[in-house]
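Scroll down for the structure; my scribbles are underneath it.
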Amino acid sequence: MRSEVEGVIEQLGYQNLRPGQEEIINAALDGKDVLGILPTGSGKTLCFQATGQLRAGVTVVVEPLLALMRDQQLRLQASGEKRVLAINSQLAPSELSVVLQNLSYYQFIFIAPEMLTRPDILRALQAVKVGLLVVDEAHCIYQWGPDFRPAYLRLGDVRQRLGAPVMALTATAPENVRSVIVRQLRLQNATIYAGSVDRPELFIGRESLLDQRAVNERVGALLAQVAGPAIIYCPTKKLTEQLAQQFSGLHGRRVAFYHAGLDGHTRTLRERQFTEGSLDTLFATSAFGMGVDKPDVRMVLYLGVPATLEEYMQAIGRAGRDGQPALTALLYTAKDAQHTAGMLANLPSPILVKALYRAPKAYAGSDDPQIQLVLAYQQAGYSASEVNQALDARIGSKQKAFSAVVNFLQADGCVRAELLHYFDSPAKTHDDFCCGIADAGVLAQIHSEQQADNQGFNTWQEVFKQIFNVSD
Amino acid sequence: MTTKVNHSELSDSAKLILAGLTAQPQRALSLYGVLSGRQTASTVFSGMEQGNLRLYGVTPRLSRGDFENEVAALMRAGLIAQQKAGLCLTDAGAATRSADTTFAAALKTFRPDYGVQAFLPQFYLAVQTLSELSYGNHRYRPAIADLHVQARVRWWYGQLGQETAAAVAELTTLFTALDQQTADTLAGQLLAHGYSGNPEASTNELAIELAGCALLAQMSPTQSPHWYQLWGGRQPLLSQPMQQTVSEFNAGASIEQIAQRRRLRVSTVNEHLQVAAIFGAPLTFSRFYPAAAKPQLLATWNAGQHSYRELLDVLPDLEFMQVRMFQIEQLRGMQHAQ
C-alpha cells in the first residue's frame with residue numbers, strides 16, 4: 001500500500017483496505033478515470049474519502065438521493081472532516097449564493113446531478129480546482145435500469161467542463177451497464193475494477209411458504225434458532241409494527257420497528273441503538289439501512305418479493321460484514337409475488353406530475369422517491385408530457401427487472417449461482433453453506449458472540465452521569 | 001350506537017381534535033389548519049373565535065388524510081358530531097376528554113410561540129457536542145445532519161467559550177426542575193457519548209414535544225442564560241413578510257401603499273394584517289374602519305351578534321376587511337379580559 005494512502009486510512013480509522021479499494025484509490029491518485037464495482041458494504045465511501053484527502057482540489061460527489069447525501073456528509077464529519085458541504089434544496093437561494101463564492105473552502109461537496117448541471121453552479125465549480133469527480137450510484141445512468149435518473153446523462157458534459165478525473169462507483173453493474181457507464185461518462189482509458197458481488201459468508205436462503213401466517217412462524221423459528229443481531233425486512237410499515245410487537249422479548253431479544261412513518265430523530269436513534277447493540281432485532285422497511293455500518297449482523301430476512309434483484313442484494317448485503325457466516329433468507333408466498341407484480345406500474349401518476357410541475361418548489365425538500373424522480377426529469381428539461389411518456393417506458397424496464405426476480409424465485413439448482421449470474425459475477429462453488437432452505441446443519445454454522453447486557457440508563461440522572469463523564 | 005371510549009386509548013391526533021373542539025361548531029378544515037399550523041387568515045381567525053389557537057401548530061406533520069380518518073372514527077364513536085356549520089364536541093366527547101386529566105395537564109405546557117419543533121434538534125445536537133467534549137472526543141457522527149441546525153449549534157458553542165461546564169450545570173438544574181417522567185422522556189431522546197437513547201423510552205412525538213415545552217417553560221435569560229441563548233426565547237409567529245407589513249403599516253403606510261411598494265396584492269397585505277392582529281401584533285384598529293361605524297358595530301357586538309354576516313347586515317356598506325378587523329379587535333379585548 002502506498003505510504004500516503006496508509007497514512008490517510010489510518011487517520012480515517014482503518015487498518016487496511018478491502019479487496020478493490022486499493023486498486024480504485026491508486027488509479028484515481030494517478031489521475032486516471034476509474035469505474036469501481038464493489039458489493040454493498042465493501043467500502044466504496046472510503047475509496048473517495050481517502051482519494052479526496054490526498055488529491056489537490058475539491059472532491060465533488062454526485063449522489064442521487066438526499067438521504068445518501070446526508071449519510072455521506074455525516075460519515076465524513078464523523079471522521080473529523082469538517083469541510084463538507086451538501087448542495088441541495090435545504091440551502092436558501094441567498095445561502096447558495098454565499099456558498100458558491102466560497103467553494104474553495106470545502107474539501108468535499110455533495111450534490112445531486114440535477115443541481116450540478118445548473119449553469120451557475122457549474123460556473124462556480126469551474127472557478128475552483130476540482131481534484132476528483134465522484135459519480136456514486138453510477139448505474140443510475142443506465143436508461144433501461146429501474147433506477148434511471150435522466151440528469152445522469154448530462155454528467156459526461158459536466159466532466160468535460162470540470163476537467164477532473166472521474167471515479168464512478170456502483171454496487172450493481174452487469175456488463176451491459178458497465179459499458180453504458182463508461183460511454184456516457186466519457187471515461188478515458190478507464191481502470192475498471194469489478195469485484196465479485198458474491199459474499200461467500202452469506203447463506204442465500206429462499207423459501208416459498210403457504211401464507212403470511214406461515215411466514216411469521218418461520219420468522220419466529222429463525223429468531224429463536226439464530227443468535228445475534230438480525231434485520232427483518234418487511235413490505236409494509238404495518239407489518240413491521242405487528243411483528244415487532246409479536247416478537248418483542250423473544251429469547252431475550254431487544255426488538256423495535258423502523259419505517260419512514262417515524263420522525264427523523266426516532267429513526268436516527270434506532271439506527272444508533274441497533275449499531276451499538278442496545279437493540280438487536282429490527283423489523284424494518286427498505287427505509288432502513290443507509291448509514292448503518294454494523295459488522296456483526298448474523299441474519300437478514302427479506303419478507304415478500306422484491307421488485308429488483310438489486311434491491312434484494314442491497315438488503316441481504318447488510319449481513320455478515322465481519323466476514324463470519326450469516327444467514328439471509330427470502331421468505332415469500334405466491335400472493336407476495338402477485339402483489340409485487342401489481343406494484344410495478346406504481347409510478348408517479350399524471351396527476352402527481354401535473355401538481356409537481358405546477359409548484360416544483362413546494363416539493364423540493366421531499367424525500368419521497370416518486371417526487372424526487374419527477375423533479376429530476378423536470379430539472380433535466382423534460383416537459384410534463386415527456387415525463388409521462390418516460391414513466392410509461394420505465395414500466396417496461398421495471399417489468400424486465402422483475403422478470404429476473406421471477407427467474408430467481410423459480411430457479412432449480414444453485415440459487416446463489418442464479419442470483420450472481422444476473423450481476424455477471426462468478427459465484428463460489430456450491431457447498432453445504434451455500435443456498436436453499438436453511439436447515440439445522442446450516443444454522444449450526446452461524447455463531448454469535450455473547451451480546452453484552454444492555455447497559456441501560458433509565459433515569460435522566462444516570463444518563464447525565466454517563467454522557468457528561470461524571471465520576472462517582 | 002356508540003361504545004364507551006377510554007381517552008387514553010385514543011391516538012394523539014384524536015385527543016388533539018377533542019381538545020380543540022367545543023360545543024360550538026368549527027369547520028373541519030379550519031380545525032385541521034389550526035392543529036397543523038396553517039398560516040392563513042381564515043384558519044387563525046377560526047381558531048381565535050373557537051378559542052383553540054393555543055393549539056396552533058401543535059402537530060405540524062398531521063396529514064389531511066389522517067385527520068379525516070380520525071374525525072370519522074370520533075364521529076363513529078359518538079364523541080364528535082357534524083353539524084351544518086362544522087364539527088362540534090358531543091356530551092360524550094366532553095366527558096371522555098375531561099376524564100383524562102394527565103393529558104390535559106401535559107397539553108397545557110404547549111405554547112405555539114415556543115418553537116419547540118425547531119428547538120429540539122438544536123437541543124439534541126448541543127447536548128451531544130457538550131457530551132463529546134467532556135470526553136475530549138472531536139470525531140463523532142453528529143446527531144443531526146441539517147445544516148441550519150449544525151450552524152446554529154456551532155455558533156452557540158462558539159459563544160460558550162470557557163463556559164461549557166456552566167452550560168452542563170445549567171442543564172442539570174433545568175432537568176431537576178422537571179418532574180421525573182418528563183425529564184426521563186427527554187433524556188431518552190439524547191444521542192451522546194456512550195449513549196444512544198433509551199430504546200424503551202417513549203417515541204410518542206407529542207409526548208416528547210410536550211416534554212420539550214416543559215423544559216422551555218423553565219428557561220429564562222437570567223437563570224439559564226446559555227440554554228436560553230440557544231433557544232432564542234419565544235419565536236415570532238409571524239412570517240418575515242408579515243412582520244414587514246406590520247412595521248410599514250405602523251409607520252403610517254396605507255394598505256394600498258404597502259401593496260404597491262412591495263408588489264403584493266392588496267388581499268395579501270390584508271391577510272398579513274389579519275394574521276398579525278390575531279397573533280397580537282400592536283396595531284391601531286381605528287385605522288381599519290370608519291370611526292362613524294364604530295358605535296353601531298359595538299352595539300351589535302354587545303347585543304351578542306358577533307358573526308360577519310350579522311355585523312354586515314347592520315352596516316352593509318362596510319367591506320370585509322373593515323368588519324373582520326373590528327371582530328378581531330373585539331375578540332382580542334375579550335381574551336385580555338379573560
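The values are calculated or read from the model by the stated rules, or taken from the named source; none is laboratory data. These numbers come from a predicted model, not from an experiment. Here the Cβ is made from the backbone with ideal geometry for all residues, glycine too, and neighbour counts use every protein chain on show. What goes into the accessible areas is simple: the full protein's heavy atoms, side chains included, and nothing from ligands, DNA or RNA. Shrake-Rupley method; radii C 1.70, N 1.55, O 1.52, S 1.80 Å.
For the reader, a short list of remarks on this structure follows.
- Test for residue B:174: is it more than 7 Å from chain A (Cβ to nearest Cβ), in a helix (DSSP H, G or I) and touching a residue at least 24 places away in the same chain (Cβ under 8 Å): yes
- Scanning the stretch B:297-311 for residues that are in contact with a helix residue (DSSP H, G or I) (Cβ under 9 Å, 6 or more places away or on another chain) and either among the basic types (Lys, Arg) or open to solvent by less than 20 Å² (accessible area, probe 1.4 Å) (or both) yields B:297, B:300, B:301, B:311.
- Screening residue A:73 with (1) open to solvent by less than 30 Å² (accessible area, probe 1.4 Å); (2) out of contact with any strand residue (DSSP E or B) (no Cβ under 6 Å at 6 or more places or on another chain) gives one miss only, at (2).
- Residue B:153 being in a helix (DSSP H, G or I), under 21 Å from residue B:231 (Cβ atoms), open to solvent by less than 50 Å² (accessible area, probe 1.4 Å) and away from chain A (no Cβ under 12 Å): yes
- Condition met for residue B:78 (farther than 14 Å from residue B:20 by Cα and open to solvent by less than 80 Å² (accessible area, probe 1.4 Å)): yes
- Within the stretch B:156-171, considering residues that are open to solvent by less than 50 Å² (accessible area, probe 1.4 Å) and of a type outside the set (Asp, Glu), the one nearest to the other protein chains (Cβ to nearest Cβ): B:168
- Residue identified as touching a Gly at 6+ places or on another chain (Cβ under 8 Å) and either open to solvent by 10 Å² or more (accessible area, probe 1.4 Å) or touching a residue at least 60 places away in the same chain (Cβ under 8 Å) (or both) among A:59, A:51: A:59
- Selected residue [assigned to a helix (DSSP H, G or I) and either more than 14 Å from chain A (Cβ to nearest Cβ) or among the hydroxyl-bearing types (Ser, Thr, Tyr) (or both)] from B:92, B:126: B:92
- Considering residues of the stretch B:30-48 that are open to solvent by 40 Å² or more (accessible area, probe 1.4 Å) and in contact with a Ser or Thr (Cβ under 8 Å, 6 or more places away or on another chain) only, the residue modelled with the highest pLDDT: B:42
- Residue match in the stretch B:177-187 (condition: among the acidic types (Asp, Glu) and touching a helix residue (DSSP H, G or I) at 6+ places or on another chain (Cβ under 7 Å)): yes
- Candidates A:406, A:442, filtered to the one that is within 27 Å of residue A:252 (Cβ to Cβ), part of a helix (DSSP H, G or I), more than 14 Å from chain B (Cβ to nearest Cβ) and under 29 Å from the mean Cα position of the chain (by Cα): A:442
- Scanning the stretch B:130-148 for residues that are open to solvent by 20 Å² or more (accessible area, probe 1.4 Å) and not in a loop (DSSP other than H, G, I, E, B), we see that the one that is modelled with the lowest pLDDT is B:147.
- So residue B:217, is it surrounded by 14 or more Cβ atoms within 10 Å (Cβ to Cβ) and of a type in the set (Gly, Ala, Ser): yes
- Counting only residues that are in a helix (DSSP H, G or I), surrounded by 19 or more Cβ atoms within 10 Å (Cβ to Cβ) and among the hydroxyl-bearing types (Ser, Thr, Tyr), the stretch A:146-200 holds 1 of them.
- Residue among A:413, A:381 that is more than 29 Å from residue A:215 (Cα to Cα) and assigned to a loop (DSSP other than H, G, I, E, B): A:381
- Looking only at residues in the stretch A:261-279 that are at the interface with chain B (Cβ under 7 Å from one of its Cβ atoms) and touching a Gly at 6+ places or on another chain (Cβ under 8 Å), the one that is farthest from residue B:121 (Cα to Cα) is A:278.
- Being more than 24 Å from residue B:139 (Cα to Cα), open to solvent by 20 Å² or more (accessible area, probe 1.4 Å) and over 20 Å from the mean Cα position of the chain (by Cα) is true of residue A:89.
- For the stretch A:145-180, residues that are closer than 25 Å to residue A:40 by Cβ and of a type in the set (Asp, Glu) total 2.
- Residue list for the stretch B:196-218, restricted to those being facing chain A (nearest Cβ under 10 Å) and of a type in the set (A, V, I, L, M, F, W, C): B:201, B:208
- Filter result for residue B:91 (within 21 Å of residue B:185 (Cβ to Cβ) and surrounded by fewer than 20 Cβ atoms within 10 Å (Cβ to Cβ)): no
- Pairs with Cβ under 9 Å, 6+ apart, first in the stretch A:76-95 and of a type in the set (S, T, N, Q), second exposed (fewer than 12 other Cβ atoms within 10 Å of the Cβ): A:79/A:13; A:88/A:365; A:89/A:361; A:89/A:365; A:90/A:365
- Flag if residue A:335 is under 18 Å from residue A:408 (Cα atoms), among the charged types (D, E, K, R), at pLDDT 90 or above and open to solvent by 10 Å² or more (accessible area, probe 1.4 Å): yes
- Selection of the stretch A:208-226 for residues being over 13 Å from residue A:443 (Cβ atoms), open to solvent by less than 50 Å² (accessible area, probe 1.4 Å) and not in a helix (DSSP H, G or I) yields only A:209.
- Within the stretch A:10-45, the set of residues being under 21 Å from residue A:131 (Cβ atoms), crowded, with 22+ Cβ neighbours inside 10 Å and modelled with pLDDT of 90 or more comprises A:21, A:24, A:25, A:27, A:28, A:33, A:34, A:35, A:36.
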